[in-house]
Each structure stands twice: as structure tokens, then as C-alpha cells.
Amino acid sequence: MKRRCCILYNEPATDAGPDELDILDQVGIVEQQLMALGIESTKLGLDDDYKNRIELINHSGYDFVFNLVESIHGKGRLNYFAPALLGSLGVPYTGCSLEALFLTSNKRLTSKILGLAGVRTPVFIQPGEINSLHYGRKYIIKPLWEDGSLGIGPDSVFTCSPGDEARLREFSPNNWIIEEYIEGREFNISLFSGPDGPVVLPPAEIEFRNYNPDRPKIMDFKAKWEEGSFEFENTVRTFPEDLGQTDMASILTGVCISCWKILGLKGYARVDIRCDSENNVFVIEVNANPCISPDSGFIAACRKGGYNLTDIFSYIVNDLNN
């Protein structure tokens with residue numbers, strides 16, 4: 001008998017932008033890969049009635065849920081609601097667990113946990129602790145909960161100077177975090193659950209081309225989502241051919257596996273890293289259940305590594321949270 005799966009995702013709003021509509025591309029590739037695996041699937045988009053919709057799954061005879069929920073009510077900080085409800089109903093689901101999603105959706109909490117375990121992260125400061133800032137040092141202010149570079153733009157990076165205190169007091173510590181800005185190379189590294197543990201895919205390096213010295217080299221919202229913008233056209237994902245022959249490759253791999261184990265990741269994930277001028281490695285973000293649309297970094301890394309996508313999806317659907 002065929003296995004049956006419900007593909008669960010957050011229904012985009014009627015006025016959704018490209019960052020929200022991207023979820024539909026993810027649904028499409030999951031449908032395609034489940035079909036290749038001989039798994040029957042049905043789609044279910046969550047809206048304001050998400051609790052009742054999830055409870056319906058429990059009575060529909062699905063073998064498991066492929067969890068693509070990135071937000072509830074448009075808020076990324078609530079992405080763990082879906083696995084929490086699925087877990088309470090005893091419905092198996094793919095990807096990272098409730099606990100891992102909660103930990104990684106809060107950048108401050110992720111940084112604390114990794115730091116205590118010996119993984120280097122940028123020094124962070126809450127907006128309410130502005131007296132801890134150092135004049136002349138570069139910082140970046142980011143949304144505490146949201147991903148997809150939401151809320152990040154060129155003005156997010158600043159060199160601290162007298163007078164910044166008044167501006168920074170406008171940012172609530174419940175929603176924002178200030179980190180030391182790490183100047184240097186940026187790597188996005190994807191992982192998935194292989195048959196013998198986590199598999200680290202080829203590291204992608206983000207190249208910031210034609211950026212003048214005054215423009216911060218960051219993957220901001222425009223770079224990710226606004227086609228035709230300077231940032232989108234000049235922020236390029238590459239796979240450096242010479243990296244695999246250096247110590248840096250093994251260091252990056254080791255850091256990513258440490259993040260996987262420390263945070264209890266499952267299914268698939270992505271670790272974003274910055275390396276400073278002395279090749280010190282800093283984890284700037286961990287993405288549980290990252291984007292898996294056809295043009296995503298995860299899919300590009302799978303192809304670069306020579307992996308068959310259907311095989312990888314097979315590993316993901318066989319590493320369920322029960």
C-alpha cells in the first residue's frame with residue numbers, strides 16, 4: 001500500500017511578496033519528489049484557522065506530514081506551532097523537531113547555546129544594553145526572530161559613534177539583536193540526514209561583486225528577493241573549487257556537524273558562517289528546515305555534490321519526528 005503524506009505549509013497572504021510566495025515553489029518540488037518516491041501526497045495550507053486544520057490531519061489517515069510551515073499569522077517566531085500541534089497529536093513529521101525549530105528561530109538563544117558549547121559566534125548585545133557598544137566598532141542590527149533577511153538592509157550595518165544611543169533605543173530587545181559585524185568571506189553550508197548521520201554538502205560562498213567600500217557586504221532583503229536590484233544582481237552564490245583542498249573545508253565541515261548535534265537538528269538544515277581576515281570561523285545563523293525551492297542554496301548544493309534529489313528526499317522522509 002502506498003504511503004500517504006500531507007504537505008503542510010503556510011498559505012501566502014493575498015498581497016504576499018516574493019519571500020512569502022516562495023513557499024509555493026517549495027510545495028511544488030516536494031510534490032514532485034514524493035511522487036518519484038511512490039508516495040501519495042495532498043497539500044494543506046495553514047491560515048488563521050491553523051489549529052483546526054492541523055487537527056483534521058489526525059483523522060485523515062496520513063502516514064506522515066512534510067512540514068514546510070515557516071510562519072503562523074506571518075510571524076516566523078511562531079514556526080514551531082505546527083510541529084508542536086503535530087507532536088501533541090502523535091502525527092509524524094519531517095524536518096527539525098519542535099525544540100530545534102524554537103531554538104534556531106531565536107538568534108540570541110542560538111548564539112548562547114552554541115557559545116556555551118564552544119562554537120564561536122559574533123558577540124551579541126541587546127538593544128537595551130547599548131552602553132556595551134564600543135565607539136568605532138562595526139555592528140549589525142537584525143530581527144531577533146525572522147529569517148529570509150526580513151528587516152535587513154544597508155542601514156542595518158553601522159559603525160558605532162556618539163549619538164547612536166538614541167536611535168538604538170527605538171529597537172525593542174524583544175524583537176531585535178545587535179551583533180558585532182564580521183568583515184570577511186561568507187559561506188552557506190547545507191546538511192541533510194544521511195543513512196549514517198548528517199551529510200555536509202559542498203560549501204557555497206556568497207560573493208559580493210561591484211560593492212564599493214561604503215556598501216556593507218551582507219545578504220539583505222533586496223539581495224535575496226528583489227530581482228533587478230543592484231544587490232540581487234551582484235550577490236552571487238558560488239562553489240569555490242579550491243576550498244576542498246584546504247584546512248578551511250574541514251573546519252567548516254566540523255563546525256556544521258557540531259551545530260547539527262548541539263541543536264538537535266534533523267532532516268535538513270543550513271549553517272551560515274563568516275570567516276574574518278584571520279580565518280576565524282563565526283556561525284552567524286542556523287536555519288532549521290531552510291528553503292528547498294528549486295533555486296535555493298540547499299538544492300544547488302545537492303546538485304553540486306552530485307546527489308540525486310530523490311535519494312535525499314528519501315532520507316528526509318525516513319528521518320521523521322515521531
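The values are calculated or read from the model by the stated rules, or taken from the named source; none is laboratory data. Values in this document were obtained by computation on a predicted structure and should not be read as measured data. Here Cβ is always computed from backbone atoms with ideal geometry, including for glycine, and neighbour counts include all displayed protein chains. These accessible areas exclude ligands, DNA and RNA; they are computed on the full protein's heavy atoms, side chains included. Shrake-Rupley method; radii C 1.70, N 1.55, O 1.52, S 1.80 Å.
Among the conditions (1) closer than 30 Å to His134 by Cα; (2) crowded, with 17+ Cβ neighbours inside 10 Å, Val200 misses just one, which is (1). One residue alone among Thr104, Thr159 is within 30 Å of Ile251 (Cα to Cα), crowded, with 21+ Cβ neighbours inside 10 Å and of a type in the set (Ser, Thr, Tyr), and that residue is Thr104. Scanning segment 1-32 for residues that are modelled with pLDDT of 95 or more and touching a Ser or Thr at 6+ places or on another chain (Cβ under 6 Å) gives Cys5, Cys6, Ile7, Asp25, Gln26, Glu31.
Residues checked against (1) open to solvent by 60 Å² or more (accessible area, probe 1.4 Å); (2) among the hydrophobic types (A, V, I, L, M, F, W, C); (3) more than 27 Å from Phe232 (Cβ to Cβ); (4) under 20 Å from the mean Cα position of the chain (by Cα):
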| site | (1), (2), (3), (4) |
| --- | --- |
| Thr14 | yes, no, no, no |
| Pro18 | yes, no, no, yes |
| Ile29 | no, yes, no, yes |
| Leu34 | no, yes, yes, no |
| Ile39 | no, yes, yes, no |
| Leu44 | no, yes, yes, no |
| Ile54 | no, yes, yes, no |
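Looking at Glu278, is it farther than 13 Å from Pro203 by Cα and open to solvent by 40 Å² or more (accessible area, probe 1.4 Å)? For Glu278, the condition - farther than 13 Å from Pro203 by Cα and open to solvent by 40 Å² or more (accessible area, probe 1.4 Å) - is met. Within the bounds of segment 278-289, is there any residue that is among the polar types (S, T, N, Q), out of contact with any strand residue (DSSP E or B) (no Cβ under 6 Å at 6 or more places or on another chain) and under 30 Å from Asn58 (Cα atoms)? Within segment 278-289, one or more residues are among the polar types (S, T, N, Q), out of contact with any strand residue (DSSP E or B) (no Cβ under 6 Å at 6 or more places or on another chain) and under 30 Å from Asn58 (Cα atoms).
When Cys256 is tested against (1) closer than 21 Å to Glu70 by Cα; (2) surrounded by 21 or more Cβ atoms within 10 Å (Cβ to Cβ), exactly one condition is not met: (1). All conditions in (1) crowded, with 19+ Cβ neighbours inside 10 Å; (2) among the aliphatic types (A, V, I, L, M); (3) touching an Asp or Glu at 6+ places or on another chain (Cβ under 6 Å) hold for Val236, with the sole exception of (1).
Residue-by-condition table, conditions (1) under 30 Å from Pro92 (Cα atoms); (2) out of contact with any Gly (no Cβ under 8 Å at 6 or more places or on another chain):
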{"site": "Ile218", "(1), (2)": "no, yes"}
{"site": "Lys224", "(1), (2)": "no, no"}
{"site": "Leu243", "(1), (2)": "no, yes"}
{"site": "Gly254", "(1), (2)": "yes, yes"}
{"site": "Arg270", "(1), (2)": "yes, no"}
{"site": "Arg274", "(1), (2)": "no, no"}
{"site": "Asn280", "(1), (2)": "no, yes"}
{"site": "Glu285", "(1), (2)": "yes, yes"}
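Here's the yes/no breakdown for (1) of a type outside the set (A, V, I, L, M, F, W, C); (2) more than 26 Å from Gly38 (Cα to Cα):
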residue	(1), (2)
Trp260	no, yes
Leu263	no, yes
Cys275	no, yes
Asn279	yes, yes
Val283	no, yes
Ser293	yes, no
Ala301	no, no
Asn308	yes, no
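Taken over segment 182-229, the criterion of being part of a strand (DSSP E or B) and of a type in the set (S, T, N, Q) is satisfied by Asn188, Ser190, Ser193.
In segment 230-278, of all residues being among the small types (Gly, Ala, Ser) and in a helix (DSSP H, G or I), the one that is farthest from Lys304 (Cα to Cα) corresponds to Ser258. Of the candidates Gly305, Gly297, the single residue that is open to solvent by less than 50 Å² (accessible area, probe 1.4 Å) and within 25 Å of Ser71 (Cβ to Cβ) is Gly297. Would you pick out the residues in segment 221-248 that are in contact with a Pro (Cβ under 7 Å, 6 or more places away or on another chain) and farther than 17 Å from Phe187 by Cβ? Matches in segment 221-248: Trp225 only.
This table checks each residue for (1) aliphatic (A, V, I, L, M); (2) loosely packed, with under 14 Cβ neighbours inside 10 Å; (3) touching a residue at least 60 places away in the same chain (Cβ under 8 Å).
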{"residue": "Glu165", "(1), (2), (3)": "no, yes, no"}
{"residue": "Phe171", "(1), (2), (3)": "no, no, no"}
{"residue": "Asn174", "(1), (2), (3)": "no, yes, no"}
{"residue": "Ile182", "(1), (2), (3)": "yes, no, yes"}
{"residue": "Phe208", "(1), (2), (3)": "no, no, no"}
{"residue": "Pro216", "(1), (2), (3)": "no, no, yes"}
{"residue": "Trp225", "(1), (2), (3)": "no, no, yes"}
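Residue pairs whose Cβ atoms lie under 6 Å apart, separated by 6 or more positions or on different chains, with the first residue in segment 129-148 and on the phi > 0 side of the Ramachandran plot and the second acidic (Asp, Glu) and surrounded by fewer than 20 Cβ atoms within 10 Å (Cβ to Cβ), are Gly148/Asp19.
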